[in-house]
Amino acid sequence: MIQNLLREIFTLFTLKHNLSYTLYNSSAQLPEEWDTIAEKNVFLSRYYLAVLEKAAPDNMQCHFIGLYNNNVLCGIALAQYINLRRINTFVEEKNSFCLKDYLFKKFSSHIIVIGNNTLTGQNAYLLNDAIAEKDALRLFEDVLQQLKREYRKKCIYVNLLAVKDFNESELPNFKAVGYKNYYQFCTQPNMIFNIRENWHSIEDYLADMNTKYRTQYNRARKKAEGIEKRKLTIEEINQQQERIHELYMTVAQNASFNTFHLPKNHFEVFKQQLQDDFLFYGYFINGELVGFNTLVKNNNDMDTYFLGYDDSIQKEKMLYLNMLYDMIGYAIKKQFSHVIFARSAMEIKSSVGAVAEQVYGVIKHTNPILNYFMAKLFPYFDPKVEWKERSPFK
């Protein structure tokens, strides 16, 4: 029995000393083999991470993590420091004193998260067979603590540590691998549109819909008459940069909860880095840009990215709903498996056929007293959105 215990201790000691991590602050520093692991998710590729490096939100700083087994890269991850003091978080009370916003900024404004705060879904890390997930998670906990210490040297006192976003089947057993006193949370769901095998065109999609929702489709398309939609080049994105940002901010400022705003050059840099894997569609009336949406090709999935619109045109032309139909039509035509619609506007996304997928994470306050009450504090600060799930298909 003692021999078995000693053998187990020796194995753990050896494993710990074979495994290591390196923090990178620039995509140019990343090892060449990085993209070999990242090929499963474009949002962890060097091309995309360069977007975050060159055009991240002003209140965000990114760190790239390489995991090593015997000095061989076996895992990659993204960590972000977020400063919520630099943004109006709770938008619904922006015109008056907001106690919730005041308390949040005072006690929870400095955050380090393993994951991507600009996206929904498991875009935190990828591993190969040379490292077990439980060992990677232990290293990530060490990374969180190291980053906390490094920011403290800059006189930045981190309030919250987190790892996100996982669906139910992906969610690791964080407690089992040493994440003590972390609170497991669940926020607004990720809206996933599943493309059926028998769909080869938008007509196939419509044929499977109930009469009510086919009528909705036809009405929206009728409303959109007079709008010209076209794919924008990088030069056109640059020329329209001010207008694009104005339309993006119209949507962003209407959100109930904000943790960042994209900079003006974000979409131009995105197009530079991802080229044909990043699609930018502009919607025009009489030559004026009144809306846009963006898509990212991610293997078998089509990820919807950010969009913007003129609020008055959106209501008159049902522009947002038409954008959703356009995204679905493109993904069906190109035979993707899913459209990842992400968070927000759950009900209207549900009305076109997207299904809610719950996403989870873990979070810990660095103040032990506040962390003790995390189970009550988190629901208080997490904005609740009431919505009704729709069933558009027969």
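The values are calculated or read from the model by the stated rules, or taken from the named source; none is laboratory data. Small disclaimer: the values here were computed from a predicted structure and weren't measured. Every residue, glycine among them, receives a Cβ derived from its backbone with ideal geometry; neighbour counts consider all protein chains shown. Just so you know, the surface numbers come from the protein's heavy atoms only, side chains and all, with ligands and any DNA or RNA stripped out. Shrake-Rupley method; radii C 1.70, N 1.55, O 1.52, S 1.80 Å.
Put a plus charge on the Cβ of each Lys and Arg, a minus charge on the Cβ of each Asp and Glu, and nothing anywhere else: the dipole of region 176-250 about its Cα centre is then about 360 debye.
Considering the chain at the alpha-carbon level, its Rg and Dmax are found to be 22.4, 81 Å.
Between amide H atoms placed 1.01 Å from N, distances below 5 Å from residue 298 occur with 303, all of them 5 or more places distant or on a separate chain.
As a quick test, which of the pairs 164/229; 154/180; 153/271; 364/384 have an alpha carbon distance above 30 angstrom in this structure? Present the calculation step by step, with values, prior to reporting the outcome.
Values: 164/229 35 Å; 154/180 26 Å; 153/271 36 Å; 364/384 21 Å.
Too far apart for the 30 Å limit: 164/229; 153/271.
Once the 1.4 Å probe is applied to the protein heavy atoms, region 196-336 comes out at 47 Å² accessible per residue.
To the nearest 20 debye, what charge dipole does region 196-336 have about its Cα centre, counting +1 at the Cβ of each Lys and Arg and -1 at the Cβ of each Asp and Glu?
Working: 18 positive and 20 negative charges, 97 e Å.
Computed charge dipole of region 196-336: roughly 460 debye.
Backbone phi angles across region 58-67, fed through the Karplus curve with coefficients 6.51, -1.76 and 1.60 (θ = phi - 60°), yield HN-Hα couplings of 4, 9, 10, 10, 9, 10, 10, 10, x, 9 Hz in residue order; Gly and Pro are listed as x. When the charge dipole of the chain is built from unit charges on Cβ atoms (+1 for Lys and Arg, -1 for Asp and Glu) and taken about the Cα centre, the candidate among 66, 314, 176 whose Cα reaches farthest toward its positive end is 176. Think of the chain as having a plus end and a minus end, set by charges on the Cβ of Lys, Arg, Asp and Glu; of 254, 324, 279, 254 sits farthest toward the positive end of this dipole. Placing +1 on the Cβ of every Lys and Arg and -1 on the Cβ of every Asp and Glu, with nothing else charged, gives the chain a dipole about its Cα centre of roughly 1100 debye.
Estimated purely from DSSP H runs of n ≥ 4, each contributing -39500 (n - 2.57), the mean residue ellipticity at 222 nm for the chain is -11000 deg cm²/dmol once divided by its residues.
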